[in-house]
Structure formats: structure tokens, C-alpha cells
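The values are calculated or read from the model by the stated rules, or taken from the named source; none is laboratory data. This structure is a prediction, so every number in the text was calculated from the model and none was measured. For neighbour counting, all protein chains shown are included, and Cβ atoms are generated from backbone atoms with ideal geometry for every residue, glycine included. SASA here: full protein model, heavy atoms, side chains in, ligands and nucleic acids out. Shrake-Rupley method; radii C 1.70, N 1.55, O 1.52, S 1.80 Å.
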Amino acid sequence: MTATIISGKELSERLRGELADDIKELSVQPSLAVILIGDDPASHSYVRGKEKACAAVGIHSIVKRHPASLPEEELLAEIEALNEDSSVHGILVQLPLPDHISENAVLEKIVIGKDVDGFHPVNVGRLLTGKKAFTPCTPLGIMKMLEISGVDPKGKRAVVVGRSQLVGRPVGQLLLNKDATVTYCHSKTEDLASVTREADILIAAAGRAGMIGAEHVKDDAVVIDVGVNRMETGKLTGDVQFEPVREKAGWLTPVPGGVGPMTITMLLHNTVEAARGTMFDVQS
Ligand code: NDP
């Protein structure tokens, strides 16, 4: 039996349609400010994708583009001004930043109610303690894919390959919050396949093209491929060997068209939440 493919592209189209309807009902038009520093082509392309997605659902987006030489204090002052601007609901600083700018200082500057990327330490801490929080978009998108596919993590063995702040750690935390038994793997893990083969839910987020083969996967497992790796041909490929794993897994996400579109959809979702302004009005 071959795996059922979880199409993030199709799911995103549906969710973005629902968001567009929700936005029409809001008393304010949600607004997202994106700060982009430097000329990294991938960052520019991600930001263009975000602008386009915002426009399609009715979110107003403002992109502040700066040269790589922008002094840190000017960036912090810009964030401060956006924090105080009540017409701006979400603030996102596109990473990575140039070396002379402290990522921590920048992320901590964004007020938590506008932190639609969920990288502020308070949001990270709230997530860790199971409280309501802005949640990083890629992990949130993964959880949405599981939910809509009818995969309940409760009691399941989940293995996360990767422990970054951006993807691995928060997705493991979200799975734990949903009562999965979670194991993290990383570059120092010995005999990776023996660990990943235990997984009912396997999240591949290492950024190593094709590192997960059929021998890493348990029969009928749910395999979520987060990796985005650009091959010499320019083609994008995931961390999972799609064809062999498809023959063994129960569910599988493709690359491209899997987690990627869901990440942007969750950014739109978080921006709408920020515009509603209800994330932190209760101590739950
Ligand atoms: P990082 O490079 O920050 O983290 C990679 C993690 O994988 C690290 O924890 C590292 O371990 C671990 N790792 C690396 N090599 C191995 C290995 N051989 N065996 C086991 N673990 C390994 O990457 P990110 O978390 O930011 O991103 C991961 C992937 O997801 C990338 O391909 C990225 O492009 C993609 N991505 C996709 C998104 C989407 O929307 N689809 C969004 C964000 C990321 P250690 O900690 O020991 O170094």
C-alpha cells in the first residue's frame, strides 16, 4: 500500500479561503509589517511570497527594505515605532540577519502581542508551559496538517529529527502538548534509523537532502518532511526520499507543496489572531 499524500498546497488553499472570509467579518483590516535587511535572494523571495499571500486574503502588508549595513539601533528604533503603531497588528523580521545585528535583541524588541513569528522568549516560554502563545508558523502548520488528516498524536511515539529553535524544538513541544511521547534526534544521535523506526509520527527537519530512507521508517508511519534543500539543478527536495518512503509510510508530505505553503498560511492565521487582539486577554 502506498502512503496517502498530505497536500499542504490544497490544505492551504482551503484554509486561506476560510481566512479571507474571516477577515471580511473583522472590524479592522489585519496589517502585517515585514522588515527585510540585506540582499539575500532567498529572503527576498520568501518576503515576496508573504506579500502575495497577504494580498490574496485581504491582509494589508508593509515591507520595510533596508541595506545590509543598517545599524542595529536603527532597526530597534523601527521596531519600537511599529510596536506603538496601532494600525500594525503583526511584525516580522525576516531572518537571517547580518552578523553585526543581534538576533536576540531584535526578537525581544517585538511586543509579544504582535510577535506573529512566535520567536519572542515570552511566546517561546508560554508554548513550553502549554499556555496560549503565538506559535512559530512551520510547527503550527505541521500540527494543522496532522489535525486535518485525522492524526491524533495522543499516546503515539513521535520522533523529531532536528532541534532548532525554529522548527525541531517547537514542533516537539506541540506534539508533547498533544500527549505524544516525543524523542528528539540531532547531529550527535547515534544509530538514527533505530530511533526513527520507532516513530508513529516522524518529523524530518534536518535540512539534509534525502537523509530519511525507507530503512528509517516504520510501516504505516506518518512522515512529515520539513526539509527544503536546493539541488544543483535548482530543484527543491526534502529530507525524505519520497518514492521509497511512499511505499512504506501511511501518510507523507511532499516537497515542494507540503509544509512550505502551510508555513505561510499559519503566518496569515497568526496575523489575523493578532488583529483580533485576544491572544493575551485571558490567563489561560
Ligand atoms: P537548522 O540547520 O537550524 O537545524 C537543523 C537540525 O538538524 C539541527 O538540530 C541539527 O543537529 C540536525 N541535523 C543536521 N544534520 C543531521 C543529521 N545528519 N542527523 C540528525 N540530525 C541532523 O535548520 P532549521 O531547523 O531551520 O530547518 C530545517 C530544515 O527545514 C531546512 O531544510 C529548512 O530549509 C527547512 N525549513 C522549511 C520550512 C518550510 O516552511 N517548509 C521552514 C523552516 C525551515 P544539531 O543541533 O546537532 O546541529
* Asked: Which condition number does Gln173 fail, the rest of (1) closer than 17 Å to Val223 by Cα; (2) touching a Leu at 6+ places or on another chain (Cβ under 8 Å) being met?
  -> (1)
* Within segment 224-245, can you find the residues that are within 18 Å of Ala193 (Cα to Cα) and open to solvent by less than 50 Å² (accessible area, probe 1.4 Å)? -> Ile224, Asp225, Val226, Gly227, Gly238, Asp239, Val240, Val245
* Enumeration of residues in segment 193-203 that are open to solvent by 30 Å² or more (accessible area, probe 1.4 Å) and either out of contact with any Pro (no Cβ under 9 Å at 6 or more places or on another chain) or within 15 Å of the ligand (Cβ to nearest atom) (or both) -> Ser194, Val195, Arg197, Glu198
* Residue check, Glu18 over 22 Å from Val111 (Cα atoms), within 24 Å of the chain's Cα centre (by Cα) and open to solvent by 30 Å² or more (accessible area, probe 1.4 Å) -> yes
* To do: Tell me, please, whether a residue that is among the aliphatic types (A, V, I, L, M), within 10 Å of the ligand (Cβ to nearest atom), under 21 Å from the mean Cα position of the chain (by Cα) and open to solvent by less than 50 Å² (accessible area, probe 1.4 Å) can be found in segment 246-261.
  => yes
* Asked: Which residue out of Glu247, Glu273, Glu243 is of a type in the set (Asp, Glu) and more than 18 Å from Ser7 (Cα to Cα)?
  -> Glu273
* To do: State all residues of segment 204-223 that are more than 10 Å from the ligand (Cβ to nearest atom) and either under 21 Å from Lys144 (Cβ atoms) or surrounded by fewer than 22 Cβ atoms within 10 Å (Cβ to Cβ) (or both); if no residue qualifies, say none.
  => Gly210, Gly213, Ala214, Glu215, Lys218, Asp219, Asp220, Ala221, Val222, Val223
* To do: Return yes or no: is Ile101 in a helix (DSSP H, G or I), more than 19 Å from the chain's Cα centre (by Cα) and either under 15 Å from Met266 (Cα atoms) or touching a residue at least 40 places away in the same chain (Cβ under 8 Å) (or both)?
  => no
* **Members of segment 155-190 that are in a loop (DSSP other than H, G, I, E, B), more than 14 Å from the ligand (Cβ to nearest atom) and open to solvent by 10 Å² or more (accessible area, probe 1.4 Å)** => Gly155, Lys156, Lys178, Asp179
* Subset tally (residues that are without any contact (Cβ under 8 Å) to a residue 60 or more places away in the chain, closer than 27 Å to Lys50 by Cβ and either buried (at least 23 other Cβ atoms within 10 Å of the Cβ) or not hydrophobic (A, V, I, L, M, F, W, C) (or both)) for segment 126-149 -> 4
* Sole exception among (1) near the ligand (Cβ under 9 Å from one of its atoms); (2) at pLDDT below 95 for Lys132, by number -> (1)
* **So Phe280, is it aromatic (Phe, Trp, Tyr), over 11 Å from Gly8 (Cβ atoms) and modelled with pLDDT of 95 or more** => no
* Asked: Do we find that Asp152 is open to solvent by 10 Å² or more (accessible area, probe 1.4 Å), modelled with pLDDT of 95 or more and in contact with a Cys (Cβ under 9 Å, 6 or more places away or on another chain) in this structure?
  -> no
